[in-house]
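Comments concern the structure below.
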Amino acid sequence: MEPATRVVHQHTPVMPNSRPISVPIYQASNFAFDDPDALADALNAPDQGFAYSRYANPTTRALEETVAALEGGTAAVATASGMGAICSALMGVLKTGDHVIAQSCLYGGTYAALDYLREHYGVEVSYLAGEDPAEVADAVRPTTRMLYLETITNPVTRVVDLPAFLDAGKQAGLLTVVDNTFATPLLCRPIEHGADVVVHSVTKYLGGHSDVTAGILVFADEQRYRHGWHHTMEMGAAIDPFAAWLTLRGIQTLALRMRQHCANAGRVAELLSAHPSVEAVHYPGRPTHPDHEVAKRVLADFGGVVTFDLAGGRDAGYRFTKGLRLVKLAASLGGVESMTLHPASTSHRQLDADALRAAGIGEGTIRLSVGIEHVDDIWADLSQALP
Ligand SMILES: *Cc1c(COP(=O)(O)O)cnc(C)c1O
């Protein structure tokens, strides 16, 4: 089945003569058994029934099956947040003395988690630019365990050559983990390129409506899934059934939403490129983007995030976000509504110009998560707020 069909037809329970069209919310923490052996089985393995919702829940399972199928994985484990999924992927595998090779422009929370593991648990981390797959072999040590990548990076939308980097990771015998939040399985399925584990902040495009905080881990193989399920369950990172249900509902329109996000983002990137107050536009769909050729090969479309640099620096960025009326000033992204962030005056306000530059962010850099509104209205608001 095509992804556009899979997102609509989710797995629903069989009843005596019929089945519900939508997945019900099983808002139950607990399930009663007649047979103690059956209860023990359900506590021992993820596919032996439902006993306790931190271990498994039917609504959560429907979400896990839907996303696993979309990503081309064997099975998935849904979590309470994207960071829950990422920390589970890291801590379920890494031991003191292990070495991780990660991309240098990671999501801030992931960078902080790796730093915490280094400081408290002696996990070593080195970072690569993500431009040449030979960087992987150069960084490998005898203790290297994992290669950690993001499909599209935040905020400057770099696109790594996923097949080549995953291949280099495989050659070195590494476990490969890819954060596919920005691309979604509609634009890229890292497991098809050889990834072992895919993680998502479901909070963003999969949920899609700015009403749920959740995450998910998708596993390419069964054994790693069983281990991942066990570890995630013991860490207590389980998603709430209602959050799982909201996500299932959001996912039904994922194909439609992504089509509109990408179309709008492409148009906004084009208009921004022609605007005199805009110094540079970072969007993988633009021929001027350094990874445009890679993006054409690796992604089915170029995503909904457009980042741009205002000529007037920090002050211009601050005034731009203050002047917006329709587009929301917000820390998150991936919702149906357009949202924007000026890192220099908000998320990265402690950093001076040099520290910002080291993080790949300019003083006038604006990250725009282009929503699914009519593009003329998005542009009308952006252009009235632009200097
Ligand atoms: C938001 C985000 C996360 C963290 O997800 P939460 O749901 O906020 O915990 C991880 N990776 C990427 C790429 C993100 O955008």
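The values are calculated or read from the model by the stated rules, or taken from the named source; none is laboratory data. Keep in mind the model is a prediction, meaning the values are calculated, not measured. Note that we place each Cβ from the backbone using ideal geometry, even for glycine, and neighbour counts take in every protein chain shown.
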Contacts under 7 angstrom Cβ, first residue in the stretch 344-363 being surrounded by 12 or more Cβ atoms within 10 Å (Cβ to Cβ), partner acidic (Asp, Glu) and not in a loop (DSSP other than H, G, I, E, B), 6 or more apart: Gly362/Asp309
Report, by residue number, each residue of the stretch 236-280 that is in a loop (DSSP other than H, G, I, E, B), in contact (Cβ under 8 Å) with a residue 40 or more places away in the chain and either in the same structural domain as Phe302 (by TED's automatic domain parsing) or of a type outside the set (D, E, K, R) (or both). Gly236, Ala237, Ile239, Gln252, Thr253, His275, Ser277
